[in-house]
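Below you'll find the structure, written out as C-alpha cells, and then a few comments.
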Amino acid sequence: MKISLVDNNKNILLQNNVINKIKDFINLKNLERGDKLPSERIMSEKFNFKRNHIREAIRRLEFYGVLKSVSQSGTILAIGLTGFNGMVEEILSLETPSFKELVETRISLELKTVCLAAERHSSSDLKKIKEALNAFKSKIISGEDYLEEDLLFHLSIAKASKNRTMISLMLLLMPPILSTYDRDAVCEGDKVISEIKKHEDIFLAIESKDPELATKMMHEHFFKLSKHIGNKNLINKKFETK
C-alpha cells in the first residue's frame, strides 16, 4: 500500500469504514497486545469488504503502529486495547492537510535537519549535497523547472542528519507539496543569482560544521515561503550566529 499524507476523500471514507469494522471486532473479542487478528480473507468475508480494502486499512493501521504484521504469524495488535481505541479515534478524525500545514511542517522539520546535518555529516554526505546543489544550479541557470532538484537538495540534507524518522517525514511531505506548489506565486520576483546564493550559503554552513549558521541560512531561504503562507512565527523568528 502506498502511504500518503494526501488521499482522495472517497478512498479515505472507505478505509475509515473498514477500520471501524476492525476496531469493533477487536473490542468485541476484547483483544490485547500481541493477540492475533483473523486473516484478510476471513475479515473480508465477515465485514463484507474486498480483500484489497482490508489490506489497505491494515497497512494504514500498521503505519501508525497500532497493528503489526509478523512473518508467518499474521497481523497482531501492537498496543493495548485502551491505547488502540484512543489512537484509532485520532486516526479516523484526521483530515487531509492543507498546503499551509504541509509547508509549516516542512519548514519546522528542515530547520532541525539542517542543524543536525551540520553536526553529523560525513564526506560522502557532503558530496551528495554538492551534487544535488549543482543539479539545482544547472536547472535554474538554464531557465528550466527546478522544483524537483530543489527538493532533492533538501532531501540530501535530511539524509545527512542521520535521523531516519526525519528522512521518512521528508519523503511523506514532498509528493503532496510538489503536486500543489504554485512556484509563480511563491517565487515571484526571485532572481537566479540570489536563489543560488541561498542554497550555496546553506551548503557552506553545513560544510563548515556550523549548526547555528546553517539554521540561520535555512531560515532565510524559507523567509519568502513563510511569508506566503502567513506564518508570523517563522517570519519573525531571529537567529543569532556565533
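The values are calculated or read from the model by the stated rules, or taken from the named source; none is laboratory data. Computed from a predicted model, the values in this text were never measured in an experiment. Neighbour counts run over all protein chains shown; Cβ positions are idealised from the backbone, glycine included.
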Please determine whether any residue of the range 61-72 is surrounded by 16 or more Cβ atoms within 10 Å (Cβ to Cβ), within 30 Å of Ser156 (Cβ to Cβ) and not assigned by TED's automatic domain parsing to the domain that holds Lys159.
yes
Mind checking which pairs have a first residue in the range 108-132 that is outside the structural domain of Lys209 (by TED's automatic domain parsing) and outside any helix (DSSP H, G or I) and a second that is crowded, with 22+ Cβ neighbours inside 10 Å and among the acidic types (Asp, Glu), Cβ under 7 Å, 6 or more apart or different chains?
none
I'd like the full set of residues that are basic (Lys, Arg), touching a helix residue (DSSP H, G or I) at 6+ places or on another chain (Cβ under 7 Å) and surrounded by 12 or more Cβ atoms within 10 Å (Cβ to Cβ), limited to the range 23-49.
Lys23
Just give me the residues in the range 38-59 being within 28 Å of Leu172 (Cα to Cα) and part of a loop (DSSP other than H, G, I, E, B), in sequence order.
Phe49, Lys50
So is Ser226 in contact (Cβ under 8 Å) with a residue 24 or more places away in the chain and among the polar types (S, T, N, Q) or not?
yes
How many residues does the range 134-183 hold that are of a type in the set (S, T, N, Q), in a helix (DSSP H, G or I) and farther than 22 Å from Ile206 by Cα?
2
In the set Ile76, Ile91, which member is β-branched (Val, Ile, Thr) and part of a strand (DSSP E or B)?
Ile76
Check whether at least one residue in the range 18-25 is at pLDDT 95 or above, part of a helix (DSSP H, G or I) and either in contact with an Asp or Glu (Cβ under 6 Å, 6 or more places away or on another chain) or assigned by TED's automatic domain parsing to the domain that holds Leu169 (or both), and report yes or no.
no
Based on what the data block shows, is Ser142 exposed (fewer than 12 other Cβ atoms within 10 Å of the Cβ), more than 21 Å from Ile229 (Cα to Cα) and at pLDDT 90 or above?
yes
For the range 60-70, check the following and say yes or no: at least one residue is out of contact with any Pro (no Cβ under 9 Å at 6 or more places or on another chain), part of a helix (DSSP H, G or I), among the aliphatic types (A, V, I, L, M) and farther than 23 Å from Leu13 by Cβ.
no
